[in-house]
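Shown next, in structure tokens, is the structure this report addresses.
A short reminder: the numbers here are calculations on the coordinates, not readings from a lab. Model, not experiment: these values are computed from the prediction. Backbone-built Cβ (ideal geometry, glycine too); neighbour counts: all protein chains shown.
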Amino acid sequence: MNTPETLHTEVTETASAIAEMEIRGAATIADAAARALGAQAEASTAATPEEFRAELRAAARVLHDTRPTAVSLPNALRYVLLGMEGTTVEELQNSIARRVAAFCGQLERAQDDLGRFGGNRLRDGDTIMTHCHSTDVIACVRAAVEDGKELTAYVRETRPRNQGHITARELTELGVDVTLIVDNAARHYLNDVDHVLVGADSIAADGSVINKIGTSGLAVNARDMGTQVMVAAQTIKLHPATMTGHTVEIEERDATEVVADDVRAEIGDIRINNPAFDVTPPRYVDAIVTERGQFPPESIVILMRELFGERVTNPWEEL
Ligand code: RI2
């Protein structure tokens, strides 16, 4: 039955954890969403294959509707649902289990491969600057450190949610010499920086990079100062619908992330905007590093066509 009552608790809990950003970061969200679909399939008591399919689609819809910008989420749901095959409920269940395992395994391998390519771009003694927290970025730094390279990092705190603190902790654990800075201090230090290194939530067909708010200003400043901008993004971040002219929705989050209600009341009658992401045009990006190698942003569409074809379906939309 296609009703909320049949949703597995792992689906509803994962969906609310993604929406609340307890589970965050594009790759981590994709992994959690795929696993939640796996839990739904495994626990299903559907009486017919049709019921099972409807149940899985309903679960995917709930997961899909949590956050709109990171395309890794719909890409994960699509991968799992399109692999559903069989004529009995049991066969369908097994196919989902296989597909989830394949997806999560690929995600991990992709990050390792991407890390090695990104790590090759970093030289011993380099200084990087990061924004937000990206597991794909951390993979690049880890690979460079494992190659014996010593790195220094300026880590932007990343208002309003300060994900830079996570980056600062993880880079320190890797042995990187870390300086935490407020976002506005970036330009002050860019002369000392060899690479701005950021992740991505989505990459559009024209090579635009959709990432944490503040990325585009950082990239423009970096270009002005002659500093390289590297984007670390597994191919699951490629946004197939942008090949057919769709734009990427930018998530607007709650005003309380920017300022607490009591402080807002003291300020007076103001509007607060809190976009979570922005768009960096391809001309400010030197390389997009994926598990398939590094690409100039303008050529990413070729890889996109190869991976997704021309036609993209949203199986969770079928009722
Ligand atoms: P990985 C994050 O978004 C950041 O924008 C980060 O660059 C991106 O996801 C990619 O993260 P949020 O979930 O997939 O913090 O590289 O809003 O881990």
statement: In order over the range 117-124: 3J(HN,Hα) from phi, Karplus 6.51/-1.76/1.60, θ = phi - 60°, whole Hz, x for each Gly or Pro, gives 5, x, x, 5, 6, 8, 10, 4
field: Calculated diffusion of the chain, Stokes-Einstein form, Kirkwood radius summed over Cα pairs, 4 °C and 1.567 mPa s, µm²/s
entry: 63
- prompt: Taking the Cα atoms only, what angle lies between the long axis of helix 135-146 and the longest principal axis of the chain, rounded to 10 degrees?
  reply: 60
message: At 7 Å along Cα-to-Cβ for each site, give me the label-to-label distance between E266 and T179 in nm.
response: 3.2
message: Between R283 and L307, what is the label-point separation in nm under the 7 Å Cα-to-beta-carbon projection?
response: 2.6
- prompt: Which angle between 0 and 90 degrees, to the nearest 10, do you get for helix 9-19 versus the longest principal axis of the chain when only C-alpha atoms count?
  reply: 30
